[in-house]
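The values are calculated or read from the model by the stated rules, or taken from the named source; none is laboratory data. Remember, it's a predicted structure, so these values are computed and weren't measured experimentally. Cβ placement follows ideal geometry from the backbone for every residue including glycine, while neighbour counts extend to all protein chains displayed. For accessibility, only protein heavy atoms count, side chains too; no ligands or nucleic acids. Shrake-Rupley method; radii C 1.70, N 1.55, O 1.52, S 1.80 Å.
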Amino acid sequence: MPMPKALHPTKTKLIETAIVFLKQMPIGDISVDLILKESNISKGSMYHHFEDLSELLDTAMIEQYAKWVDTSIEVLSAFLTSATSRQEMYDGLIKVTELTQADSLSPVRMQRVQTIAKARGNEKMSHLLRLEQDRLTDAIRDIIIDAQDKSLIRKEIDSKALSVFIQAYTLGKIIDDISTEPSDQTAWDSVIHLLIAVVVAAE
């Protein structure tokens, strides 16, 4: 399989600059002038690589989403692929839960939701987002299948459904993020731990 083509340095710089602003302010406040000033790139160069500001921001949001996917896969792989017992699988899933459900990741969850919302009605962005999401779902599914082959996760559970479910409760924490009275983090984690106990193969 051929290696993915590297982006032009100017295009990369524009995307990285846009990502910085996406983390700092509402998307509606980001302007061409802000990006050009921060990146020290000319307007002509920007419009050579992107049709308009909207395309640049769409690309930056997808890139941001892709980086989150890569980080998630890395974390999951590190904790779960090395498990050799049911207890290690359970402990690994608990650790992943603690890492992904942390209050500190509220901005990341919000960014993901914003990216999903912005992709609606945008065919090109939607296509790119689907590719990244499929990559994450398939990576988690592969880890689950491997664990099922080792009898560390119940084999009757559909691997894709479980992959989607894990992502759903991770992203679903955003409901608590926007609540005026968030649930206790320990109480939330305990519910997830009970569900994980059901997923891990019984002794």
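Think of the chain as having a plus end and a minus end, set by charges on the Cβ of Lys, Arg, Asp and Glu; of S31, H193, S183, S31 sits farthest toward the positive end of this dipole. Heavy-atom accessible surface of the range 111-171, averaged per residue, reaches 57 Å², computed with a 1.4 Å probe. State the percentage of accessible surface on the range 1-111 attributable to carbon and sulfur atoms; use a 1.4 Å probe and exclude ligands, DNA and RNA. Carbon and sulfur together cover 56 percent of it.
Length gained on full extension, V32 to I178: 49.5 nm, using 0.36 nm per residue less the C-alpha separation.
Take the alpha-carbon centre of the range 94-119, take the same for the range 19-93, and report the distance between them in whole Å. Value for the Cα centre distance between the two parts: 12 Å. Judged by the gyration tensor of its Cα atoms, with axes a ≥ b ≥ c, the range 109-179 is oblate; a/c meets the 1.5 cut and b/c is at least as large as a/b. According to the Cα-based calculation, Rg over Rh for the chain is 1.04, with Rh computed by the Kirkwood formula.
In the chain, which helices (entire DSSP H runs) extend 30 Å or more along their own long axis, judged by Cα positions, while averaging at least 0.5 on the Kyte-Doolittle scale?
Span-like helices, by this rule, are 53-80.
Computed from the Cβ-Cβ distance with R0 of 45 Å, the FRET efficiency linking Q24 to S151 stands at 0.40.
If a spin label sat at a point 7 angstrom from the Cα of Q185 along the line to its beta carbon, the backbone N atoms of the range 87-112 nearer than 20 Å would be those of 91-112.
Remark on the range 69-120: Rg and Dmax equal 13.8, 42 Å (Cα only). Straight Cα distances below 30 angstrom link K95 to the lysines K23, K67, K150, K155, K160, K173, with same-chain residues fewer than 8 positions distant left out.
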